[in-house]
Amino acid sequence: MSLSLGGMRARLWIATALPALLVIVMLVIGFAYRYGDRMADALTDRGVASARQLGSAAEFMVFAGDREGLGRLAEAAIRNDAQLHAVAVYDAHGQLLASAGKLEGQPSLGAALDVQLGDRLRVELPIYPTIAPTDDLYTPTPSAGIAYGQGARLVGHAVLEVSLDRLAQQQRELLLWSLVTAAGGLVLAGGLATLLASRVTAQITAINDVVTRVGQGALDERIDGVRSGVLASLAEGINAMIGRIAATQEELQFRVEQATRELRHQKEAAEQAARTDTLTGTATRLAFTEVAEVEMQRALRYRNDLSLLMLDLDHFKGINDEHGHVTGDAVLVHFAQVVQQQIRNMDLLARLGGEEFVVLLPNVNAEQAAVLAERIRGAVSESRLMANGRPLRFSVSIGVAQFDWRELSLTRWMSRADAALYRAKEQGRNCVVREGGSPALGAQ
């Protein structure tokens, strides 16, 4: 009877322990796979977030071709994140601009985000521009191939590789902890083990939620270490990582803003230089062409008058040969000042090159333009410029042409004015001639 009772107790113990053991083993296996995948997802989200940070910081450097800045950026990313194995930045044609660490294999460099998880986590992020177009009338707008935002032209690629050593270590630690929990569950009971697993599930879920939000850009998120329980060390490590990412983003944001300001200043300086003649201070041919095209469209729309004066200093080569190029430059500056005093603020004086100038006259017909041209001719002829202690006199020939609404070509309009100027030269210079062979005005 005693043997029978003992055997029954043994069988009951086995019947009770075996299901509990199977349940605990199943829980341990499911737990390890489930949360191992979540850790991998969290690492993937972090890698994508780091790639977006890198791409945002590198955008203007790639656009400006700043290899040195990109090199510093890549080195800073590696230095500030121990899990980053390699960082590289390519231009839109796949040419390597900067790198830190060594990439395993060649990246595909596609037009969309590419995340590859193998021996290492690789994230390949295409970089697109984010500068909005300007509404300035005189600033060229982007062409159809250089849009911004959705469907924008590709600028380059940011590629990074993240080491999985830390993830493997975390998974091993998680598995070890699960086995310890399983051993305790055999002693304490399957229900206690299930409850403990549920708590750990909630903790990892909370950590994963925070990491996901950080990957979406919420860098002010932090994990509650007190409520993380056994995962407090993991929570502290992730919090430290988020802090480093936030600090890096602030630094990169500062550099991006600084680079943006420098590019803007350089762009404004370049545009100003391209639109202002450095010697005379008048508009350049480029600036004149842009304004003339706008005024032509306005004249077509509102049927306004629009005229053009083509001016050329007489015997300017002789002035250079006799008095030198310094005096010649002084003559050009003085001439521009005299003309500027005779025209309105709304008129545009531009230097086409050498001693040839042009004046754009909105709301002025050919007759009025000829009168203004004669006034300019007289003012130039009466002006004096001291050269080597002696007064230097010079004159100007002027051709006048009115914009024809049936003619949509600025080149042909300027050709008509230039033809009138040529006739003024043939008629003895120092005179004004309207297009169509009108009689010359002024002194011969």
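The values are calculated or read from the model by the stated rules, or taken from the named source; none is laboratory data. Here the structure is a predicted model, which means the values were calculated and not measured. Here Cβ is always computed from backbone atoms with ideal geometry, including for glycine, and neighbour counts include all displayed protein chains.
Looking at Arg344, Arg255, Arg298, Arg303, which one is under 37 Å from the mean Cα position of the chain (by Cα), of a type in the set (Lys, Arg) and assigned by TED's automatic domain parsing to the domain that holds Glu407?
On the way: Arg344 fails: under 37 Å from the mean Cα position of the chain (by Cα); Arg255 fails: assigned by TED's automatic domain parsing to the domain that holds Glu407; Arg303 fails: under 37 Å from the mean Cα position of the chain (by Cα).
Selected residue: Arg298, the only one of Arg344, Arg255, Arg298, Arg303 that is under 37 Å from the mean Cα position of the chain (by Cα), of a type in the set (Lys, Arg) and assigned by TED's automatic domain parsing to the domain that holds Glu407.
I'm checking my understanding of the structure. Among residues of segment 404-436 that are surrounded by 15 or more Cβ atoms within 10 Å (Cβ to Cβ) and of a type in the set (Asp, Glu), which one is farthest from the chain's Cα centre (by Cα)?
Among residues in segment 404-436 that are surrounded by 15 or more Cβ atoms within 10 Å (Cβ to Cβ) and of a type in the set (Asp, Glu), the one farthest from the chain's Cα centre (by Cα) is Glu435.
Give the number of residues within segment 368-422 that are touching a strand residue (DSSP E or B) at 6+ places or on another chain (Cβ under 8 Å) and more than 21 Å from Val326 (Cα to Cα).
Going through segment 368-422 one residue at a time, the tally reaches 24.
From the list Val214, Val256, which residue is assigned to a helix (DSSP H, G or I), modelled with pLDDT under 80, more than 18 Å from Ala42 (Cα to Cα) and of a type outside the set (Phe, Trp, Tyr)? It would help to see each step written out before you state the result.
Working: Val214 fails: more than 18 Å from Ala42 (Cα to Cα).
The unique qualifying residue is Val256.
Give me the pairs: first residue in segment 162-182 and surrounded by 14 or more Cβ atoms within 10 Å (Cβ to Cβ), second residue polar (S, T, N, Q), beta-carbon distance under 7 Å, and six or more apart or on different chains, which are they?
Val162/Gln83; Ser163/Gln83; Arg166/Gln83
Could you say which residue among Arg79, Arg34 is surrounded by fewer than 18 Cβ atoms within 10 Å (Cβ to Cβ) and either outside the structural domain of Val211 (by TED's automatic domain parsing) or modelled with pLDDT of 85 or more (or both)?
Details: Arg34 fails: either outside the structural domain of Val211 (by TED's automatic domain parsing) or modelled with pLDDT of 85 or more (or both).
Checking each option against the conditions leaves just Arg79.
Given the residues Glu161, Glu221, Glu173, Glu236, which is the only one that is among the charged types (D, E, K, R) and either at pLDDT below 70 or closer than 22 Å to Leu27 by Cα (or both)?
Details: Glu161 fails: either at pLDDT below 70 or closer than 22 Å to Leu27 by Cα (or both); Glu221 fails: either at pLDDT below 70 or closer than 22 Å to Leu27 by Cα (or both); Glu236 fails: either at pLDDT below 70 or closer than 22 Å to Leu27 by Cα (or both).
None of the other options fit; the residue is Glu173.
I'd like to check something: does segment 345-363 contain any residue that is in contact with a strand residue (DSSP E or B) (Cβ under 7 Å, 6 or more places away or on another chain), within 21 Å of Arg393 (Cβ to Cβ) and in a helix (DSSP H, G or I)?
Looking through segment 345-363, none of the residues is in contact with a strand residue (DSSP E or B) (Cβ under 7 Å, 6 or more places away or on another chain), within 21 Å of Arg393 (Cβ to Cβ) and in a helix (DSSP H, G or I).
Here are some conditions: (1) under 17 Å from Asp347 (Cβ atoms); (2) without any contact (Cβ under 8 Å) to a residue 40 or more places away in the chain; (3) small (Gly, Ala, Ser). Gly428 meets all but one. Which one does it not meet?
In the conditions (1) under 17 Å from Asp347 (Cβ atoms); (2) without any contact (Cβ under 8 Å) to a residue 40 or more places away in the chain; (3) small (Gly, Ala, Ser), Gly428 misses (1) alone.
Filter segment 313-332 for residues that are of a type in the set (D, E, K, R) and more than 43 Å from the chain's Cα centre (by Cα); which is nearest to Val364 (Cα to Cα)?
Narrowing segment 313-332 to residues of a type in the set (D, E, K, R): 314, 317, 321-322, 329.
Remaining after also requiring more than 43 Å from the chain's Cα centre (by Cα): 314, 317, 321-322.
Values: Asp314: 26, Lys317: 32, Asp321: 38, Glu322: 38 Å.
Among those residues, the one meeting the criterion is Asp314.
Could you please find all residues in segment 327-383 being under 24 Å from Gly436 (Cβ atoms), surrounded by fewer than 16 Cβ atoms within 10 Å (Cβ to Cβ) and either modelled with pLDDT under 95 or among the acidic types (Asp, Glu) (or both)?
Passing the criteria: only Glu367.
Could you say whether any residue in segment 269-276 is under 23 Å from Phe357 (Cβ atoms), in a helix (DSSP H, G or I) and modelled with pLDDT of 75 or more? So that I can check it myself, show each step before the final result.
Taking segment 269-276 and keeping what is under 23 Å from Phe357 (Cβ atoms), we get 271-276.
Subsequent filtering for residues that are in a helix (DSSP H, G or I) retains 271-275.
After this cut, where a residue has to be modelled with pLDDT of 75 or more as well, the list is 274-275.
Yes.
Take the residues in segment 306-326 that are assigned to a loop (DSSP other than H, G, I, E, B) and out of contact with any strand residue (DSSP E or B) (no Cβ under 7 Å at 6 or more places or on another chain); name whichever of them is modelled with the highest pLDDT. Walk me through how you get there before you give the answer.
At the first step, the residues of segment 306-326 found to be assigned to a loop (DSSP other than H, G, I, E, B) are 314-315, 324.
Checking which are out of contact with any strand residue (DSSP E or B) (no Cβ under 7 Å at 6 or more places or on another chain) leaves us with 315, 324.
Values: His315: 95, Gly324: 92.
By that ranking, first place goes to His315.
Identify, from the list Glu374, Glu407, the residue that is charged (D, E, K, R) and touching a Gly at 6+ places or on another chain (Cβ under 7 Å). Quick ask: steps written out before the conclusion?
Numbers: Glu407 fails: touching a Gly at 6+ places or on another chain (Cβ under 7 Å).
Result: Glu374 is the single residue among Glu374, Glu407 that is charged (D, E, K, R) and touching a Gly at 6+ places or on another chain (Cβ under 7 Å).
Conditions: (1) in a strand (DSSP E or B); (2) aliphatic (A, V, I, L, M); (3) closer than 16 Å to Ala401 by Cβ. Ala369 meets all but one. Number of the miss?
Going through the list (1) in a strand (DSSP E or B); (2) aliphatic (A, V, I, L, M); (3) closer than 16 Å to Ala401 by Cβ, Ala369 breaks only (1).
Val331 fails exactly one of the following numbered conditions: (1) touching a Leu at 6+ places or on another chain (Cβ under 7 Å); (2) over 24 Å from Glu407 (Cα atoms); (3) outside any helix (DSSP H, G or I). What is the number of that condition?
(3)
Tally up the residues in segment 395-439 that are at pLDDT 95 or above, aromatic (Phe, Trp, Tyr) and not in a helix (DSSP H, G or I), please.
Number satisfying all stated conditions: 1.
Of the conditions (1) modelled with pLDDT of 70 or more; (2) over 28 Å from Ala40 (Cβ atoms), Ser143 satisfies every one except a single condition; which number is it?
Looking at each condition in turn, Ser143 falls short on (1).
Applying the selection to segment 282-303, what residues are at pLDDT 95 or above and part of a loop (DSSP other than H, G, I, E, B)?
Matches in segment 282-303: Thr282, Thr284.
So Leu286 fits all but one of (1) crowded, with 17+ Cβ neighbours inside 10 Å; (2) more than 21 Å from Arg406 (Cα to Cα); what number is the exception?
The one condition Leu286 does not meet is (1).
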